[in-house]
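Report on the structure given below.
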């Protein structure tokens, strides 16, 4: 089994976990979360989860590595991808595909742009990584998130 297949499998598993979690939250809060989730929302969640898994498996951005980014790097990377997508969506064709925005926290070799949708998936996965990092930091300090 290749790393891509493993990452995809983890992504699907994580997506199913999110749906199961949504069902649980729905039961607890008595709110129809999954019943109101559109197929597009479900697909986006699955793809975001798969992208997060890909970042870990293929790129090596593990929890330990992410925990080193304590100056907003993950958030700034997410912002950069989302802003780039917004530029493409709004038809601002002055967007330079090869140069990351000033907020980009890492070397240019990590700037990998694609379609607006794909950039938004990457941005969402990076937001998940930042939320996870914040939660781990809070747990280490004995506090709530």
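Please determine whether any residue of region 123-140 is part of a helix (DSSP H, G or I), assigned by TED's automatic domain parsing to the domain that holds residue 88 and loosely packed, with under 12 Cβ neighbours inside 10 Å. The answer is yes; a qualifying residue exists. Examine region 96-107 for a residue that is in contact with a helix residue (DSSP H, G or I) (Cβ under 7 Å, 6 or more places away or on another chain), modelled with pLDDT under 90 and surrounded by fewer than 13 Cβ atoms within 10 Å (Cβ to Cβ), and state whether such a residue exists. Looking through region 96-107, none of the residues is in contact with a helix residue (DSSP H, G or I) (Cβ under 7 Å, 6 or more places away or on another chain), modelled with pLDDT under 90 and surrounded by fewer than 13 Cβ atoms within 10 Å (Cβ to Cβ).
Of all the residues in region 49-69, those that are touching a helix residue (DSSP H, G or I) at 6+ places or on another chain (Cβ under 8 Å) and within 26 Å of residue 141 (Cβ to Cβ) number 9.
The values are calculated or read from the model by the stated rules, or taken from the named source; none is laboratory data. Quick caveat, the model's predicted, so the values are computed rather than measured. Note that each Cβ is placed from the backbone with ideal geometry, even for glycine, and that neighbours are counted across all protein chains shown.
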